[in-house]
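Take a look at the structure below.
The values are calculated or read from the model by the stated rules, or taken from the named source; none is laboratory data. From a predicted model like this one, the values you see are computed outputs, not experimental measurements. A quick note on method: Cβ atoms are made from the backbone with ideal geometry, for glycine too, and the neighbour counts reach across all protein chains shown.
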Amino acid sequence: MSDPSTAIFSRLAESKQKAVLTAAAEVFARQGFAAAKVDSIAAEAGISIGSLYQYFGTKENCFLAVLGAGMAELQLRLEEVLSRETDPWARIEAIVRLIPEHSRKHAEVLRLYHEIGGEGLSSLGREFCLRFEGLSARVYAVLLAEARALGKARSDLDENFAAFFLDNVFMALQFSFSCDYHKLRKNVYLGSKDLDDETLIAQTLQFLRRGLSG
């Protein structure tokens with residue numbers, strides 16, 4: 001997948017790029033991709049409509065740039081936590097502990113990520129999935145294969161299936177901190193709007209360890 005932004009955008013100061021992407025994320029999250037207007041995005045960002053087209057070319061590219069920036073930051077954070085730990089289970093715990101803070105901070109981006117899976121965005125969703133989900137799939141599969149080789153995961157574990165299930169848990173947690181529907185689901189299942197993060201983290205880790213370690 002090519003860079004959705006243009007060379008003109010890449011030459012802007014980092015603070016200006018961030019301001020434009022933040023404004024666009026807020027409009028897309030508030031109005032949805034289909035309803036969001038280019039003039040609304042430009043007005044929110046404090047730039048002209050012409051400048052927005054110079055930066056991205058299309059509304060679709062602007063949407064993908066917003067998603068890409070948010071997910072790239074998550075990838076950097078993941079790389080940080082993974083580099084600090086050597087034990088596979090310490091790495092998994094570090095990822096789970098990262099989710100509440102990152103999901104609240106980047107709630108708008110995660111709501112857009114949730115939307116991109118809709119039927120109306122199927123072509124955009126396919127491109128995005130191949131780029132970002134593909135990377136996660138490889139990282140988690142390697143991590144779980146390592147855990148199996150070290151005797152810290154079940155000997156019959158299929159790392160590809162396990163990576164898929166593991167990422168589903170991570171995504172459910174992310175959306176439960178950022179999307180209203182999934183927040184409601186969490187409250188329906190867990191029966192408390194004041195559930196503390198530490199309890200949720202501990203229960204998630206216990207569930208994963210029992211399922212993956214046997």
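Taking the conditions exactly as written (in contact (Cβ under 8 Å) with a residue 12 or more places away in the chain, part of a helix (DSSP H, G or I) and either surrounded by 14 or more Cβ atoms within 10 Å (Cβ to Cβ) or not aromatic (Phe, Trp, Tyr) (or both)), does Val142 satisfy them or not?
yes
Residue check: is Arg126 of a type outside the set (Val, Ile, Thr) and either assigned to a helix (DSSP H, G or I) or surrounded by 18 or more Cβ atoms within 10 Å (Cβ to Cβ) (or both)? Taking the combined requirement at face value, the residue satisfies it.
Each row is one residue, and each column tells you yes or no for (1) touching a helix residue (DSSP H, G or I) at 6+ places or on another chain (Cβ under 7 Å); (2) within 26 Å of Ala29 (Cα to Cα).
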position	(1), (2)
Arg131	no, yes
Ala141	yes, no
Glu146	yes, no
Asp158	no, no
Val188	no, yes
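Within the group Leu200, Leu208, Leu212, which residue is in contact (Cβ under 8 Å) with a residue 24 or more places away in the chain, closer than 13 Å to Arg97 by Cα and out of contact with any strand residue (DSSP E or B) (no Cβ under 9 Å at 6 or more places or on another chain)?
Leu200
Going by the structure shown, is Leu64 in contact with an Asp or Glu (Cβ under 8 Å, 6 or more places away or on another chain) and aliphatic (A, V, I, L, M)? Yes. Among (1) crowded, with 18+ Cβ neighbours inside 10 Å; (2) in contact (Cβ under 8 Å) with a residue 24 or more places away in the chain; (3) over 27 Å from Leu205 (Cβ atoms); (4) over 12 Å from the mean Cα position of the chain (by Cα), which single condition is Gln54 missing? Answer for Gln54: the failing condition is (1). Annotation: Arg148 fulfils all but one of (1) closer than 30 Å to Ala65 by Cα; (2) free of Cβ contacts under 8 Å to residues at least 12 places away in the same chain; the unmet one is (1).
Just one of the listed residues (Ile95, Ile8) is under 30 Å from Ala163 (Cα atoms) and either touching a residue at least 24 places away in the same chain (Cβ under 8 Å) or touching a Pro at 6+ places or on another chain (Cβ under 9 Å) (or both), and it is Ile95. Here Ala72 fulfils each of the conditions (1) aliphatic (A, V, I, L, M); (2) out of contact with any helix residue (DSSP H, G or I) (no Cβ under 6 Å at 6 or more places or on another chain); (3) not in a helix (DSSP H, G or I) apart from (3).
Matching residues to (1) surrounded by fewer than 21 Cβ atoms within 10 Å (Cβ to Cβ); (2) within 16 Å of Phe128 (Cβ to Cβ):
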position: Ala7; (1), (2): yes, no
position: Leu21; (1), (2): no, yes
position: Val27; (1), (2): no, no
position: Lys37; (1), (2): yes, no
position: Gly46; (1), (2): yes, no
position: Val66; (1), (2): no, yes
position: Glu73; (1), (2): yes, yes
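State the number of residues belonging to region 159-188 that are under 17 Å from Ile99 (Cβ atoms) and not aliphatic (A, V, I, L, M).
Taking region 159-188 first, the residues under 17 Å from Ile99 (Cβ atoms) are 163, 165-179, 182-183, 185-186.
Of the ones still in play, those that are also not aliphatic (A, V, I, L, M) are 165, 167-168, 170, 174-179, 182-183, 185-186.
Qualifying residue count, region 159-188: 14.
For region 137-171, the tally of residues that are among the small types (Gly, Ala, Ser), closer than 17 Å to Glu93 by Cβ and under 20 Å from the mean Cα position of the chain (by Cα) stands at 2.
If you go through region 100-143 and pick out every residue that is of a type in the set (Phe, Trp, Tyr) and at pLDDT below 80, you end up with 2.
Among the residues of region 3-25, those identified as out of contact with any helix residue (DSSP H, G or I) (no Cβ under 9 Å at 6 or more places or on another chain) and assigned to a loop (DSSP other than H, G, I, E, B) are Arg11, Ala13.
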